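Here's the structure we're looking at; comments come further down.
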2 protein chains.
Amino acid sequence: MNFMTQNQAMKISKSDRTRAHILEAARLLFAEHGYDGASIRDVAAHASIDPAMVIRYFRSKDELFARAAVVDLHLPELRVIDRAAIGETLIRRFLEIWEGPASGPGMTILLRSAMSNDFAAEKLREVFANQVRPVVAAVGDPADAGRRAGLVSSQLLGLAMCRYLLRLPPVVALSHDELVRNVGAALQHYVTGEDQS
Amino acid sequence: MNFMTQNQAMKISKSDRTRAHILEAARLLFAEHGYDGASIRDVAAHASIDPAMVIRYFRSKDELFARAAVVDLHLPELRVIDRAAIGETLIRRFLEIWEGPASGPGMTILLRSAMSNDFAAEKLREVFANQVRPVVAAVGDPADAGRRAGLVSSQLLGLAMCRYLLRLPPVVALSHDELVRNVGAALQHYVTGEDQS
DNA sequence: TGCATTTGTCAACAGTCGTTGGCATATGAA
DNA sequence: TTCATATGCCAACGACTGTTGACAAATGCA
């Protein structure tokens, strides 16, 4: 077996590694400075490569952003969960997404740019429609799932914004326990119409 | 009494009118497209004037933005309000600020740019510290006013973001009554630690 | 009428941006 | 070795940015 067929089979050519480096740099910079604030030249510098290569690997800045802004929330199925623990489950998953070691900066990228970039805004609306709303619709009346999912999202996106992007000091200072107790109760109310505890 | 002294006394020279036109155009465009998305040339075009004049009247784009991003929430004093109606009072004032005819686009300007512009973010943190937090501190234990005001802000900024900037369809569709009932209850819980009935 | 001040236009500056095409080098198959 | 391909650098393009200084017109007081 020669090198060529080996590379084709294992999918780890040199170009693949460069491609991954560029994407990693892009995700970092888009998350930190937003779509406008992160230039292709910045991304190239962070990937130790020429700016022209960024365009060669990804056809344009828009396409690079689209590849960087991929999000999978991995929300739990609320049907199989104790109905009284839905609020707590959601806020715990939220903290995992934003502070856990496994999840990438996808949501940071999207949220940072969604206020001033139409593409990011549309992508964020898609995350809501495809990942949040169906999960909420699985419990309670599906007819007003939009309303309940919208309320949940307004609270959680607001919390993410204040805690991780705006860095409002008192919100940054909130402990996980405080968040689970306070925000968890509000989410519980939004999703089920009932109170926690 | 000649024109000069009249103008000096009444403060309505031609330059003042031009200045106001520029500021009005800037507030509109900053609110719609954010700090980066609104160029000085755009502002000048909307004010039907040369771009150089924008710099002459306001020394720089930063200073123009600072003048445009002035916010006064006019929050009510919660002490003089029925304790059980605090949540409803807050959400009603929120709707007045964002949808009422009297209030300008100040908060839209700030929120739209705060995710990717450090100055706007700092300005928004100041609004929280100087206008939101003191109001919440007037009821309940002042020691944890930061925590309670932070929770309130996360919910209300999240709602503003989803409803007015991101325009998440189900959140846009929420009626005032639904918002008062659902979000009002959550705010009541955040501020007082008690539930609305 | 003159004249100084205000108000405004125009052209250009230095810089950054996304993007492109040409050319060099390295790689690996024949 | 020979040669095609993959990978990369360099220079430049056209467009846009905030900002500046020189000059023109309008204004209003003497």
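The values are calculated or read from the model by the stated rules, or taken from the named source; none is laboratory data. Given the structure is predicted, the values throughout are model-derived calculations rather than measurements. FYI the Cβ positions are ideal-geometry reconstructions off the backbone, even for glycines, and counts take in every protein chain you see. What goes into the accessible areas is simple: the full protein's heavy atoms, side chains included, and nothing from ligands, DNA or RNA. Shrake-Rupley method; radii C 1.70, N 1.55, O 1.52, S 1.80 Å.
Data overview
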| item | result |
| --- | --- |
| Test set (1) at pLDDT 95 or above; (2) closer than 25 Å to residue B:34 by Cβ; (3) touching a helix residue (DSSP H, G or I) at 6+ places or on another chain (Cβ under 9 Å); (4) not basic (Lys, Arg) - residue B:189 fails condition number | (2) |
| Output for the range A:36-50, where each listed residue is more than 7 Å from DNA strand C (Cβ to nearest atom) and of a type in the set (D, E, K, R) | A:36, A:50 |
| Top-ranked residue of the range B:51-64 - restricted to ones that are away from DNA strand C (no atom under 13 Å from the Cβ) and touching a helix residue (DSSP H, G or I) at 6+ places or on another chain (Cβ under 6 Å), ranked as most open to solvent (accessible area, probe 1.4 Å) | B:61 |
| Any hit, the range A:156-176, residues being open to solvent by 10 Å² or more (accessible area, probe 1.4 Å), closer than 24 Å to residue B:176 by Cα and assigned to a helix (DSSP H, G or I) | yes |
| Within the range A:104-126, tally of residues that are surrounded by fewer than 21 Cβ atoms within 10 Å (Cβ to Cβ) and either in the same structural domain as residue A:23 (by TED's automatic domain parsing) or among the hydrophobic types (A, V, I, L, M, F, W, C) (or both) | 2 |
| Residues being free of Cβ contacts under 8 Å to residues at least 24 places away in the same chain and either surrounded by 15 or more Cβ atoms within 10 Å (Cβ to Cβ) or in a helix (DSSP H, G or I) (or both) - total across the range B:127-150 | 13 |
| Residue within the range A:9-25 that is under 23 Å from residue B:35 (Cα atoms) and touching a residue at least 24 places away in the same chain (Cβ under 8 Å) present | no |
| Failed item, numbered, when residue A:18 is tested on (1) within 13 Å of DNA strand D (Cβ to nearest atom); (2) open to solvent by 40 Å² or more (accessible area, probe 1.4 Å) | (2) |
| Unmet requirement for residue B:101, which otherwise passes all of (1) part of a loop (DSSP other than H, G, I, E, B); (2) closer than 23 Å to residue B:182 by Cβ; (3) open to solvent by 40 Å² or more (accessible area, probe 1.4 Å) | (2) |
| The range B:45-70, residues that are among the aliphatic types (A, V, I, L, M) and either more than 8 Å from DNA strand D (Cβ to nearest atom) or within 14 Å of another protein chain (Cβ to nearest Cβ) (or both) | B:45, B:47, B:49, B:53, B:66, B:68, B:69, B:70 |
